[in-house]
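Following: one structure in structure tokens, then a few remarks.
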Amino acid sequence: MEIILLQDLDELGLEGDILRVADGYARNYLIPRGMAFEATPQNVKSIEQRRKKIEIRKLKAKEQAEQLKEKMSEILVQLTQKAGEEGKLYGSVTSMDIAAELENQGIVVDRRKIMLDKPIKVLGDFEVPVRIYPEVTAFIKVVVSPVKESEGENRP
């Protein structure tokens, strides 16, 4: 089935793209959730009329993403975790932890946009990619340090 996307989807494409997908995927997932509609001749004509507005919106979104990328390149995310003597963490640092710390610093990023292959399980410095927009990826520096002894002993 051919569909027209109504919003940007990382796995499929950008708003206004005409794509061929499986019938069930379109009817049961994309169309009911308002992410796409069927590419009938009438719908194709209407999307062609809206294409200029969509292109302008895409350019603005990309510019904003570039500005956010510049801002994020200067950010240092510092996290403390309990660790063993060899530098291995008792827990792990996930994209949710990084997103929460970014939010504390005033930058709201969906945790699914943080491209962490697997959780961080050792102390150290890491470069973590964050996909802000389909063609814009920022890299943030994440520093995982051990919890100080006085902090760890005061817990009940």
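Any read-out appearing in this document is the output of simple, stated calculations on the displayed coordinates, not a laboratory observation. Computed from a prediction, not measured in an experiment: that's the story for all the values here. Note that each Cβ is placed from the backbone with ideal geometry, even for glycine, and that neighbours are counted across all protein chains shown.
Structure notes:
- Residue satisfying condition, being touching a strand residue (DSSP E or B) at 6+ places or on another chain (Cβ under 7 Å) and of a type in the set (Lys, Arg), within set Lys118, Lys113: Lys113
- Checking each residue in the stretch 97-114 for being outside any helix (DSSP H, G or I) and within 17 Å of Ser145 (Cβ to Cβ) picks out only Gln105.
- Complete set of residues in the stretch 84-120 that are of a type in the set (D, E, K, R) and within 15 Å of Val143 (Cβ to Cβ): Asp97, Glu101
- One residue stands out among those in the stretch 1-28 that are touching a residue at least 40 places away in the same chain (Cβ under 8 Å) and part of a loop (DSSP other than H, G, I, E, B): the one that is farthest from Met115 (Cα to Cα), which is Glu15.
- Annotation: of all residues in the stretch 80-97 being crowded, with 17+ Cβ neighbours inside 10 Å and either among the aliphatic types (A, V, I, L, M) or touching a Phe, Trp or Tyr at 6+ places or on another chain (Cβ under 6 Å) (or both), the one that is farthest from Lys118 (Cα to Cα) is Ala83.
- Residue within the stretch 29-38 that is assigned to a helix (DSSP H, G or I) and either among the aromatic types (Phe, Trp, Tyr) or at positive phi (or both) present: yes
For (1) more than 14 Å from Val122 (Cβ to Cβ); (2) in contact (Cβ under 8 Å) with a residue 60 or more places away in the chain, each residue gets a yes or a no:
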| site | (1), (2) |
| --- | --- |
| Ala61 | yes, yes |
| Lys71 | yes, no |
| Gly84 | no, no |
| Leu89 | no, no |
| Ala99 | yes, no |
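- Inside the stretch 51-87, residues that are in contact with a Leu (Cβ under 8 Å, 6 or more places away or on another chain) and not in a helix (DSSP H, G or I) make up a count of 6.
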